[in-house]
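Written out below as structure tokens is the structure these notes cover.
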Amino acid sequence: MSHVSSNTERLALRDPLKLVVRRLLQFHLPVGPLTKPLFAGLYRLHVGVREALQWSLRFVWYEPLFRSQCHSIGDRFRMEQLPYIAGRGKISIGSDVYLSGKSSFAISKRHCSEPILSIGNHSFLGHNCAITVGRAVTIGNHCLIAGGVRISDFDGHPIDAVNRRNGETTPSASVLAVTIGNDVWIGHGAIILKGVHIGDRTIIGARSVVTKSVAPDTIVAGNPARVIKTLTGDS
């Protein structure tokens, strides 16, 4: 009987405690007509301090470190965060290029003595893009590459299951360069696979998987990507 009584007492104490915790979790500082200008000013201060710190990091740390890993970088280059670079190769970046957010470049010398990643003039690379280079990935001028795009000129692993199990690398014959023309727009999350050549002024739909080359002045989308529309001067 005493055991039942003690359990009842514990449950009775637990319910008020839960109520107190719930109310504490729901509590917030009031933001009304009198306090809103104060918090708005503090928000602007927060953003200003954050931007100043980010600029300082870019100027004295991120950009010098990144430049040390590149073969060449053109004028008026801009970047936000330090890209993650795995491996060594020849990275060439044109003028007026903007690297937004943080992306990654994985470069493998297993199949080529000097893999090349080239980004042309006036091109934009969005946040969280990943480019894998075994031979060559070339991005043209005036390209817009949205966040989350994946570009790779090889598969990463052999197709044969036994070879994968044995830890063998991708055959050199299946490492095929990727070329992206000028004025190409690649939508968010698209994947560009080995051997693909994308013609000038082409648009790749968001989350498309491009497995074959695409003609100039074309809109493609889907998995695998298919032609949606051919662009004309009136488009």
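Miscellaneous remarks
- Considering residues of the stretch 96-114 that are in a strand (DSSP E or B) and under 23 Å from Phe154 (Cα atoms) only, the residue nearest to the chain's Cα centre (by Cα): Ser104
- Residues (modelled with pLDDT of 95 or more, part of a loop (DSSP other than H, G, I, E, B) and surrounded by fewer than 18 Cβ atoms within 10 Å (Cβ to Cβ)) located in the stretch 143-175: Gly147
- Residues in the stretch 118-139 that are in contact (Cβ under 8 Å) with a residue 40 or more places away in the chain, over 12 Å from Ile186 (Cα atoms) and touching a strand residue (DSSP E or B) at 6+ places or on another chain (Cβ under 7 Å): Gly120, Val133, Ala136, Val137, Thr138.
- Condition check for Phe105: buried (at least 17 other Cβ atoms within 10 Å of the Cβ), at pLDDT 95 or above and farther than 26 Å from Val175 by Cβ: no
- Considering Ser72, Ser68, Ser100, Ser92, the condition of being hydroxyl-bearing (Ser, Thr, Tyr), under 30 Å from Ser172 (Cβ atoms) and surrounded by 14 or more Cβ atoms within 10 Å (Cβ to Cβ) is satisfied by Ser92 alone.
The values are calculated or read from the model by the stated rules, or taken from the named source; none is laboratory data. Everything numeric here is computed off the predicted structure, so don't read it as measured data. All Cβ positions, even for glycine, are placed from backbone atoms using ideal geometry, and neighbour counts span all protein chains on display.
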